[in-house]
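Below is one structure, written out as structure tokens, with a few remarks after it.
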Amino acid sequence: MLKYQGEGMKGLALAVGAFLGALFRFALGEWIPVLSDRFPLGTMIINLTGCLFLGWFFTITLFRWKWPLEIRLGIGMGLTGSFTTFSTFSLETAQMLENHHFIAAFVYVVSSVLGGIVLVGVGQSIAEFQIRGSRSKGA
């Protein structure tokens with residue numbers, strides 16, 4: 001019975017995080033100006049920001065803050081998972097290809113995928129720098 005209750009807390013944390021992430025994504029998507037119909041800048045900024053945050057968040061909460069798994073799942077997978085969106089990225093890429101915007105689609109895919117991987121690493125490096133800094137200060 002206790003194990004089931006713990007699983008329920010993980011699900012609740014994911015659901016609350018996903019709800020908040022969807023709201024944040026909608027708000028930021030409305031705030032970012034549309035530059036043209038050829039390049040989905042808003043989705044790219046949202047996804048790359050999420051990659052940077054996720055790399056930092058999972059590193060800092062695992063090695064420095066030692067947050068409980070439920071909170072890490074809720075914020076990391078729930079909030080960030082619904083804030084970022086692979087399905088929208090895929091749809092926008094397909095639409096660019098259908099409209100013969102091949103160069104824009106190529107730039108979008110390459111910059112999103114490589115940029116995402118690089119920004120996860122940057123986020124991890126920032127967290128590691130913060131961890132080393134706190135250790136050298138005796139914190």
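Points worth noting:
- Flag for Leu69 being modelled with pLDDT of 95 or more, closer than 29 Å to Leu12 by Cα and hydrophobic (A, V, I, L, M, F, W, C): no
- Of note, Leu14 satisfies the criterion of being more than 19 Å from Val107 (Cα to Cα) and either touching a helix residue (DSSP H, G or I) at 6+ places or on another chain (Cβ under 9 Å) or exposed (fewer than 13 other Cβ atoms within 10 Å of the Cβ) (or both).
- Residue pairs meeting the criteria (Cβ under 6 Å; at least 6 apart or on separate chains; first farther than 12 Å from Glu70 by Cα, in region 1-21; second among the aromatic types (Phe, Trp, Tyr) and at pLDDT 90 or above): Gly21/Phe83
- Residue that is farthest from Phe24 (Cα to Cα) [pool: residues in region 93-107 that are surrounded by 14 or more Cβ atoms within 10 Å (Cβ to Cβ) and out of contact with any helix residue (DSSP H, G or I) (no Cβ under 6 Å at 6 or more places or on another chain)]: His101
- Any hit, region 19-42, residues being over 15 Å from the mean Cα position of the chain (by Cα), part of a helix (DSSP H, G or I) and among the β-branched types (Val, Ile, Thr): no
The values are calculated or read from the model by the stated rules, or taken from the named source; none is laboratory data. The structure presented is a predicted model; accordingly, all values stated were derived computationally and were not measured. Positions of Cβ are backbone-derived with ideal geometry, glycine not excepted, and every protein chain shown enters the neighbour counts.
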